[in-house]
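What follows is one structure encoded as structure tokens, with my remarks underneath.
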Amino acid sequence: MDGVVTRTADLHAAAWKQLFDDYLSERQHRGLSGFPRFQLERDYLAYVDGKPRYEGVRSFLAARSLELPEGDSTDGPERETIHGLGNRKDRFFEQRLHHEGASVYGSTVSLIRELRATGTRTALVTSSQHGREVLATVGVLDLFDAIIDGNDAADLGLRGKPDPDIFIKAAVLTGSDAEQGVVVEDAVAGVEAGRRGHFGLVVGVDRGGNRQALAEHGADVVVADLAELNAEELQARFRERAAAQAAKTLASRTAAAWRVEQEGFDPAREHGMESLFTVGNGYLGLRGALATPLPGSQADLFVAGIYDRKQPSLPYSELEFMTQERGDYAYSEIVSLPFPLALTVSVDGQPLDLEKGPWREHRRTLDLANGVLIGVTEYADERGRQTRVETRRLASLADPHLLMQEVTVTCANHAGLVRIEATVRETPLKVNHPHLQRRELPARAGVDVRAYTTRASGYTVALASRSRLEDDVEDRSYWQREASPGAPLRLQRYVGVFDSRHSDDPIAAAVAHVQDKRWESFDHERRDHEARFAEFWETADIRCESSPATTQALRFNAYHLRIAADHDPWVSVGARTLSGRAYEGHVFWDVEVFILPYYLRTAPDVARSLLLYRYHTLNGARQHARELGYRGACYAWESTVTGADATPRRIVLKSSGKEVPIYTGYEQVHVSADIAYGIWRYWQATGDAEFLQIAGAEILLETARFWASRCVADGGRYHIRGVTGPDEYHHTVNDNAYTNWMARFNLEKALWVKQWLAEHHPEQWASLQASLALPNEELEAWQTLIRDLYVPGPNAEGVIEQFEGFFDLRDHHLSAAERFRPPLQRLFEAEATNASQIIKQADVLMLPFLFPEACSREVSAANYDYYEPRTDHGSSLSPPVHAALAARLGRLDDAQRYWRESLWLDLSNTMGNSALGVHAASMAATWQALVFGFLDVRFSEQGPVVSAEAPRRLLNEWGTLHVTLLDRGRAFALDIEPGEERP
């Protein structure tokens, strides 16, 4: 109303000036500190224009750092309270209104009449309690279908501008919604309210040098007077805005596919958010804890390859599952280090954090494109003082030993004493980081250095932090600065991380690393990191043109796979990467079977490093084979540094103390053949002869030797007995189809590599044969073993028996509730489960998944139909395998269901345990389900070939699918459009 319809804005401005000039003078006369008088040009527009009078009082006083009690609406004008001053302003306004009167803007009234003649409904909103009185006085009360004034807003509990409540309510009263409405305002707060309310068009009226501010706060059109617009022009502007907004919405949806955002704050979900928002670079992983971590936060830093002896106080794979110490093995468990980017911020002694601070808005955004975690929190105290804290952090891809943090603190509408402390979060080590002993170090000027040594393994890890507040000449960890309204304080921070695996003196290396960094190069360091991410996305990005949500989830998974590994050939990817403690950081078959195929087609150099880890732990595999009573190399089911078996022998349920035996450590031996499978797929994808010569051949031969010693001759055939296949519900079984098939594959590829070396590198073959003491007679015996090894084949119905006697086990009908999160009772009734046909995850179905060319469509379908209803998907690895097979078979409803379960597994916390780290193998298997399932890609000499059936398999909602695949050093961009409608 005021300033748009009626000429009362000047009356309000004069009343505000009279109020504050009188009040500030009164304070000065009482001996209190003096203040500048109320400035119409500055203070009116910034603090009170368009706001309800009590909010205007709060806003102005906060800007002058003044505090008054709230009081209540009954306070008389003489009371020195928020409400008292507000009522005094109202009295001044009434006096001026009665003395000077009010008038209207003729151009506004003309436009309103023109709009109403076209059938457009109109409403008026004002924060003034005198709204109807003023409108009646000037004779325009009948021009509005709905009116909301200050009295109505109070009765309805509507918040004042810049909140959009009153505008939205007015739209409802006219029978329309915000997107169909136009807001006309002369106040910045009103324009901002219109924009926040998502109105179709927001018009700003500049009554006095406010054009830029109106535009900056959301006005689509700014005019000096409404005479510049007529009904036709307004409708044209509305249509232009609608079209622009549609384009912007599409662009926003596209941009949103590069972000994962959390709005609001829920302490119960914080541990899960910490996993999802991890930043890393393969050398280190920093969980996405708040910059000011909560007391119970799992604000962990992990460094690849840093392990220590098992701590019984820490859980295994779930919070309920505990394990005991594993003898004297010094590398049983990944080590968590203190959070190196901890931040403490306070304003005038008031801490700003989500636990204690008076926050009003909170948002965290993981920028997938650039590998940056952004946090924005806005605080507002009881005096209306608003403060914004924005943080950014990254783990550099360009410099693996570098973490970077940037913090901006802005006192939006007040001045205040800001204190910032940038430290390492050191909660009691015994409780939160029990593997560590802190090293006592001398103080260093400008650098905060912390060093820790692991208790059993003896690793040292050093953290060196260097911080500076802009315009400061000194590097420190603590600052205190008077902040002016709206003027941001910016802090930049480098943290160097080194360990004794990579440096003889990690403390000196960490200090030197951050001291070498220049503050003027801070943005350049960030851009180097972002450039590395851009290179990664050139080959790793997958885009579903019409489904930003699907694209976002695929990118989220790809992001986590990128930060899980780099180029260190002495480490591999733990089950939950460097994002959580689950499975104690152990390396499983996950890497070669589920994760490696992803890297082969997006980052083959990383795939090579992962396989070299297996080469460097080959002696551990040899030792494990000897411990089990066999020859050659048997890789551990769970390994860490040396390749020794780190698998627990039992799990203790924390709540009951019940012990559950674990058989996988000495029975799930298929892992050795899984590694052979990974080596073969790497060779097919890269043709890397050097790797095969220096590492691959030796692994293939030594694992084949293990299988030769593990097989038992009986009845003219060879058998593999007493094993556990991928389905861990069934232990100590004989002739598991998957295990036997993979063992035969391993033996075949070992003989192939022997022949390849003998033909192409005879001298090297002679040297390797001698070093392994591998006589020709032993190699010839493998040929017999390959021929006579019993590998279960399809029965008359085309079904392969999972293991000897599986078909005779008790059948069990799985309910919907038993799928995806099986009941804990499975552990209590392990033997009953072992005697039934309940399957934890794909077992036989792994064969058509890994070897589609070796299984006919009919056999694949028969086995899918038999085993799928019996599988409860107690492993996150199961849904993507089923999605891939269902897609290939044209079971599109199943394919879509399993695809969604796997795609959104961590983002929706399907398994209920993402708080302990993300499921990297499931992420990579989801990629495989898309590429090798829906698309059914095969590779020829010319590159990738997409199945002719692929367009029909794609979900129509995806639109065109864009994916890039690498093959033997070449990149192939594929664009596949959905085909005919699904039946």
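Just so it is clear, none of the values below were taken in a lab; they were calculated from the coordinates. It should be emphasised that the depicted structure is a prediction, and the values quoted were computed from it without experimental measurement. Cβ: placed from backbone, ideal geometry, glycine included. Neighbour counts: every protein chain shown.
When the dipole is taken about the Cα centre of the chain, and only Lys, Arg (+1) and Asp, Glu (-1) are charged at their Cβ, what size is it in debye, to the nearest 20?
Using Cβ point charges on Lys, Arg, Asp and Glu, the chain gives about 1100 debye.
Please enumerate, by chain and number, the lysines with C-alpha under 17 Å from the C-alpha of Lys430, excluding those fewer than 8 residues away in the same chain.
Of all the lysines, those that pass the test against Lys430 - Cα under 17 Å, at least 8 places apart if same chain - are Lys310.
Expressed as an acute angle from 0 to 90° and rounded to the nearest 10, what is the orientation of the C-alpha long axis of helix 697-710 relative to the principal long axis of the chain?
Tilt relative to the chain: about 60 degrees.
So if I take the alpha carbon set of region 797-869, get Rg, then get Rh from the Kirkwood formula, what is the Rg over Rh ratio?
Using only Cα positions, Rg/Rh for region 797-869 is 1.00.
Reachable lysines from Lys356, Cα under 25 Å, same-chain residues fewer than 8 places away excluded?
none
Between Gln212 and Lys430, how high is the FRET efficiency from 1/(1 + (r/R0)^6) when r is the Cβ-Cβ distance and R₀ = 45 Å? Nearest 0.05.
0.20
Once both labels are modelled 7 Å past Cα along the beta-carbon direction, what's the Asp505-Leu40 spacing in nm?
7.0
Once R0 is set to 60 Å, what does the formula 1/(1 + (r/R0)^6) return for the Cβ-Cβ distance between Thr960 and Ala224, expressed as a FRET efficiency to the nearest 0.05?
0.80
Amide H of Ile651 versus every other amide H placed in the peptide plane: which residues, excluding those fewer than 5 positions away on the same chain, fall under 5 Å?
Residues meeting the criterion, in which the H sits 1.01 Å from N, are Val660, Ile662.
Just to check I understand the Karplus step: with θ = phi - 60° and J = 6.51 cos²θ - 1.76 cosθ + 1.60, what whole-Hz values come out for region 844-849, glycine and proline as x?
Calculated HN-Hα couplings, in order: 4, 5, 5, 5, x, 5 Hz.
Once the piece of chain linking Arg439 and Glu778 is laid out straight, how much longer is it, given 0.36 nm per residue of separation minus the C-alpha distance between them?
Net length gain for the segment: 116.7 nm.
Placing unit charges on C-beta atoms (Lys and Arg positive, Asp and Glu negative, everything else neutral), compute the dipole magnitude of region 339-383 about its Cα centre in debye, rounded to 20.
Here region 339-383 has a charge dipole of around 120 debye.
I want to make sure I understand the PRE zone here: with the label point 7 angstrom from the Cα of Ala816 toward its beta carbon, which residues in region 841-883 have backbone N atoms less than 19 Å away?
Label zone hits: 868-874, 879.
How big is the dipole moment of region 35-76 about its Cα centre under a simple scheme where the beta carbon of each Lys and Arg is +1, that of each Asp and Glu is -1, and everything else is neutral? Debye, nearest 20, please.
With only Lys, Arg, Asp and Glu charged at Cβ, the dipole is about 200 debye.
In which sequence would Ile306, Ile420 go, from the one with the fewest C-beta neighbours within 10 Å to the one with the most?
Fewest to most other Cβ atoms nearby, the residues stand as Ile420, Ile306.
Counting only DSSP beta bridges with both residues in the chain, what percent are antiparallel, rounded to the nearest 5?
About 90 percent, rounded to the nearest 5.
Measure out, as a whole number of angstrom, how far apart the alpha-carbon centroids of region 312-375 and region 512-557 sit.
Spelled out, the Cα-based centre of one part sits 22 Å from the other.
Place a label point 7 angstrom from the Cα of Ala154 along the Cα-to-Cβ direction, then list the residues of region 59-86 whose backbone nitrogen is under 14 Å away.
In region 59-86, the label zone of Ala154 (backbone N under 14 Å from the point 7 Å along Cα→Cβ) covers 71-77, 82-86.
What is the order of Lys654, Lys430, Lys310, fewest Cβ neighbours within 10 Å to most?
Ascending number of Cβ neighbours within 10 Å: Lys430, Lys654, Lys310.
Once both axes come from the Cα atoms, what is the angle between helix 522-540 and the longest principal axis of the chain, in degrees from 0 to 90, rounded to 10?
50
Would you calculate, for the chain, the mean residue ellipticity at 222 nm contributed by helices, counting each DSSP H stretch of 4 or more residues as -39,500 (n - 2.57) and dividing by all residues, to the nearest 500?
Mean residue ellipticity, 222 nm, calculated: -11000 deg cm²/dmol.
For Thr108, Thr126, which order do you get if you count the other beta carbons within 10 Å of each Cβ and list the fewest first?
Ascending number of Cβ neighbours within 10 Å: Thr108, Thr126.
Can you check what the net charge comes to around Gly657, using other residues whose Cβ is under 15 Å from the Cβ of Gly657 (Lys, Arg +1; Asp, Glu -1)?
Cβ neighbours under 15 Å give a net charge of +1.
What's the FRET efficiency of Val138 with Gln95 using the Cβ-Cβ distance as r and R₀ = 25 Å, to the nearest 0.05?
Computed FRET efficiency for Val138 and Gln95 comes out at 0.85.
Calculate how steeply helix 506-515 sits against the longest principal axis of the alpha-carbon atoms of the chain, using the helix alpha-carbon long axis, and give the answer as 0 to 90 degrees to the nearest 10.
Roughly 40 degrees between the two axes.
Give me the distance in nm between label points sitting 7 Å out from Cα along the Cα-to-Cβ direction at Glu949 and Arg631, one decimal.
In this crude spin-label approximation the distance works out to 4.4 nm.
First select every other residue whose beta carbon is under 13 angstrom from the beta carbon of Arg744; then total the charges, Lys and Arg +1, Asp and Glu -1.
Once all neighbours under 13 Å are counted, the net charge is +1.
Taking 0.36 nm per intervening residue step and subtracting the Cα-Cα distance, what contour gain separates Glu804 from Glu858 on full extension?
Computed gain between Glu804 and Glu858 is 17.2 nm.
What distance in nm separates the simple spin-label points at His198 and Asp471, each placed 7 Å from Cα in the Cβ direction?
4.0
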